[in-house]
Amino acid sequence: MARTRTVFVCQQCGNQQPRWLGRCPDCGTWDSFVEQTMRKGTAAQPQATPAATAQPITAVAAAGFARLPVEGEEFTRVLGGGLVPGSLVLIGGDPGIGKTTLLTQVGARFAARVGPVLYVSAEESVQQLRLRAERLGLLHERFFVLGETNLELIINAIGELQPALVIVDSIQTVYLEELASAAGSVSQVREGALRLLQVAKRSNTPILLVGHVTKEGVLAGPRVLEHIVDVVLYLEGERFHQYRILRGVKNRFGSTDEVGVFEMTQAGMREVSNPSQVFLAERSAGTPGSAVAVTMEGTRPLLVEIQALTAHTQNPQPRRTANGFDPNRLTMLIAVLSKRVGLPLFNQDIYVNVVGGLRISEPAADLAVATAIVSSFRNQRIDPHLVLVGEIGLSGELRSTSQLERRLSEAAKLGFRRAIYPHSAGEPRIGGELQLERARALDGAIRRALIDQAQAA
């Protein structure tokens, strides 16, 4: 008879221990061990497979790599040009961010253009999928839905239907009966992904997997899951904002520098072809504390509005709040403004907001953030036709940023007339009527950016 034993398995790296530990000795994660029951003597015997034969790389056929077309330029760009046959794609994102809506649109349009699609819903019922597809106007006869969580039954359905595309929503909710652990555990997620990978490679069918994320914003489950799949995509954005960014983290068939911008509407996820113009549509150009930064999302330049607000406070520890910007970097910029520019910000509550729900992590937005803070503190407007690009050092100097020509070219296309950037960047060749102004230090850039009261009058 099969004997059972109890082990504790880390839900991040899969490390097994005979007893519970507070901290995993391998990955260092706290409170990640979960008790699981292991059966001895019930493991299936591996089937004998013919040995592979090595061959010269010049003898390998290069044909059969044609990508399958996907509806929508944004999704296609992030994938690298379309879906590769036999690929395994993992899409993660926060709950309610729009993963199911996006994949429903992709699946229904793929069924209309290419071939049958099987959407496996392990979380929602097929009736819910029907209502969503009907609301989005995506009902199609070749768009099949299956409400099942047993992975063996799912694989059998794939073999019977032989679809051109499979979508599994989600990998954390399907399970294998031969494993004693619960759905979503390390062993279930790892084995389930491996089984689906075998199905994808054997049938040459692309499979899209939906993955949950933790509160830290990373994919839930073992890190080995990201190594198994071919492509890892993240759908990012604030849940209560309408804009979403689809970002590539791993792509064996293309670049990870591309991003796709979407807008959540009543009709589903709508592609945003010119996101800079959308983010600046409601810009408060005549208000102090508003600046325009040029940030790079992959290889795409985006112009976003940076808002800052300073308010006098009696609190000995003033607040420093950042929405969409790194709080630690904000603290550094405030220190540079106090030391190098001479602003008395020790009694000011400072709030910084990136409009549109975007998150800026690159230092090229430092100059725009610092100038917006000074504008709010002095109650002086910033030139509404000005864009600011540059990283700020601790001594107050401006440092050059990458892909400056692409940033300034995007600003020129949107009608901006002036640009202030670091002196060390040289003189890029920009078309249009954009006036280029170089600055060596932060205080000089601020003097050029702010409009005098007499000039404003």
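Summary table below
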| item | result |
| --- | --- |
| For residue 236, distant residues with modelled amide H under 5 Å away | 245, 246, 247 |
| Length gained when the stretch residue 252-residue 335 is fully extended (0.36 nm per residue, less Cα-Cα span) | 25.6 nm |
| Förster radius 30 Å - calculated FRET efficiency between residue 328 and residue 299 (Cβ-Cβ, nearest 0.05) | 0.65 |
| Where GluC sites (Glu not before Pro) fall in DSSP loop in the stretch 397-444, at most 16 other Cβ within 10 Å | 433 |
| Residue-wise HN-Hα coupling along the stretch 347-362, computed from phi with Karplus coefficients 6.51, -1.76, 1.60 (Hz; x: Gly, Pro) | 10, 10, 6, 10, 10, 10, 9, 9, 5, x, x, 6, 10, 9, 10, 8 |
| For residue 306, residues with placed amide H under 5 Å, excluding near neighbours | 291, 292, 293 |
| Helix-derived mean residue ellipticity, 222 nm - over the chain, DSSP H n ≥ 4, -39500 (n - 2.57), to 500 | -7500 deg cm²/dmol |
| Dipole moment magnitude, nearest 20 debye, the chain about Cα centre, only Lys, Arg, Asp, Glu C-beta charged | 580 debye |
| Fewest-first ranking of 74, 35, 124, using other Cβ atoms within 10 Å as the exposure measure | 35, 124, 74 |
| Extension gain (nm, one decimal) between residue 136 and residue 242, 0.36 nm per residue minus Cα-Cα | 36.5 nm |
| The stretch 69-273: C-alpha gyration tensor shape, a/c 1.5 cut-off, then a/b vs b/c | rounded |
| Links that overshoot a 29 Å alpha carbon limit, given the list 201/250; 250/413; 99/413 | 250/413; 99/413 |
| Rounded to whole Hz, the Karplus (6.51, -1.76, 1.60) HN-Hα couplings of the stretch 378-383, x for glycine and proline | 8, 6, 10, 6, 9, 3 |
| Distance from the stretch 74-129 to the stretch 156-189 (C-alpha centre basis), Å | 16 Å |
| Three-way shape call for the chain based on the alpha-carbon gyration tensor, with the a/c threshold at 1.5 | prolate |
| Potential extension, residue 385-residue 127 segment - 0.36 nm per residue separation minus Cα distance | 87.7 nm |
| Gyration tensor verdict on the stretch 377-455 (Cα atoms; rounded if a/c is under 1.5, prolate if a/b is larger than b/c, oblate otherwise) | oblate |
| Projected label distance in nm at residue 378 and residue 437, using a 7 Å step from Cα toward the beta-carbon | 1.1 nm |
| Estimated inter-spin distance, residue 267 and residue 346, nm [label 7 Å along Cα→Cβ] | 5.8 nm |
| Where GluC sites (Glu not before Pro) fall in DSSP loop in the stretch 225-309, at most 11 other Cβ within 10 Å | 282 |
| Order of 259, 120, 213, 34 - criterion: other Cβ atoms within 10 Å of each residue's Cβ, fewest first | 34, 213, 259, 120 |
| For the chain, share of DSSP beta bridges that run antiparallel, in % to the nearest 5 | 55 percent |
| Residue order, fewest to most surrounding Cβ atoms within 10 angstrom, among 300, 113, 407 | 113, 300, 407 |
| Beta bridges per DSSP with both ends in the stretch 69-273, % antiparallel, nearest 5 | 40 percent |
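Any read-out appearing in this document is the output of simple, stated calculations on the displayed coordinates, not a laboratory observation. Note that the coordinates shown come from a computational prediction; the quantities given were computed from them, not determined experimentally. In this analysis, Cβ positions are derived from the backbone assuming ideal geometry, glycine residues included, and neighbour counts consider all displayed protein chains.
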